[in-house]
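Only one structure is covered here, and it is reproduced in the block below.
The values are calculated or read from the model by the stated rules, or taken from the named source; none is laboratory data. These numbers were taken from a predicted model, which means no experiment stands behind them. Every residue, glycine as well, gets a Cβ built from its backbone with ideal geometry; the counts of neighbours run over all protein chains shown.
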Amino acid sequence: MKDISLATQPLTDADEKLIDHATEVTKTAFDPEKWGGAHIVGAALRTDSGEVYTGVSMPASVGRVSMCAEPVALGSAIADGKTEFATSVAVRHPLPDENRDFEVVPACGVCRELLADYGSDIEIIVPHDGELRKADALALLPTRNW
């Protein structure tokens with residue numbers, strides 16, 4: 001099997017602020033009493049013009065209707081008339097019994113597909129080789145061919 005390398009870029013100050021936005025929305029919405037930790041992930045999405053939209057994961061009693069945080073942020077931006085997107089990030093809230101900090105988590109495969117559908121040049125902040133970097137959404141979908 002051929003190795004697939006990932007081209008990434010360093011974060012900018014604006015990217016660091018985007019992580020702060022995702023962390024803050026996660027702190028605000030997290031509910032440790034609901035389903036063992038509802039709204040555990042928060043996302044922030046920056047438009048090409050610099051506006052930031054946030055969203056939180058939406059767990060549901062029927063798992064299939066649960067939503068990741070990234071589509072919630074994307075929907076908020078679209079509802080506000082935005083169509084051009086630059087960067088997305090997701091941050092996970094530690095559970096009360098975990099001894100860890102907030103952490104950037106990579107978008108799941110479904111969210112990568114969705115973000116790429118709404119902006120083929122959107123960048124996603126991901127942990128990579130021990131540091132935070134950003135990569136093009138399409139680079140995170142190396143075998144996407146439909």
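If the condition is being surrounded by fewer than 17 Cβ atoms within 10 Å (Cβ to Cβ), touching a helix residue (DSSP H, G or I) at 6+ places or on another chain (Cβ under 9 Å) and not charged (D, E, K, R), then the range 115-130 contributes only SER120.
For the range 77-87, a residue qualifies if it is surrounded by 18 or more Cβ atoms within 10 Å (Cβ to Cβ) and of a type in the set (A, V, I, L, M, F, W, C), and the qualifying residues are ALA77, PHE85, ALA86.
Within the range 38-76, the set of residues being modelled with pLDDT under 95, closer than 20 Å to GLU113 by Cβ, surrounded by fewer than 17 Cβ atoms within 10 Å (Cβ to Cβ) and of a type outside the set (A, V, I, L, M, F, W, C) comprises GLY63, ARG64, SER66. Of all residue pairs spaced 6 or more apart or on separate chains, those with beta-carbon atoms under 7 Å, a first member in the range 88-109 that is surrounded by fewer than 17 Cβ atoms within 10 Å (Cβ to Cβ) and a second member that is assigned to a loop (DSSP other than H, G, I, E, B) and of a type in the set (Gly, Ala, Ser) are LEU95/GLY37. The residue list GLU16, GLU24, GLU70 contains one member that is under 24 Å from GLU131 (Cα atoms), touching a Cys at 6+ places or on another chain (Cβ under 6 Å) and among the charged types (D, E, K, R), which is GLU70. With the structure loaded, tell me whether GLY130 is in contact with a His (Cβ under 9 Å, 6 or more places away or on another chain) and closer than 24 Å to PRO10 by Cβ or whether it fails that test. Answer is no for this residue. Scanning the range 4-26 turns up at least one residue that is modelled with pLDDT under 95, farther than 23 Å from ARG144 by Cα and under 16 Å from the mean Cα position of the chain (by Cα).
Answer yes if at least one residue in the range 116-137 is of a type in the set (S, T, N, Q) and assigned to a helix (DSSP H, G or I), and no otherwise. There is no residue in the range 116-137 that is of a type in the set (S, T, N, Q) and assigned to a helix (DSSP H, G or I).
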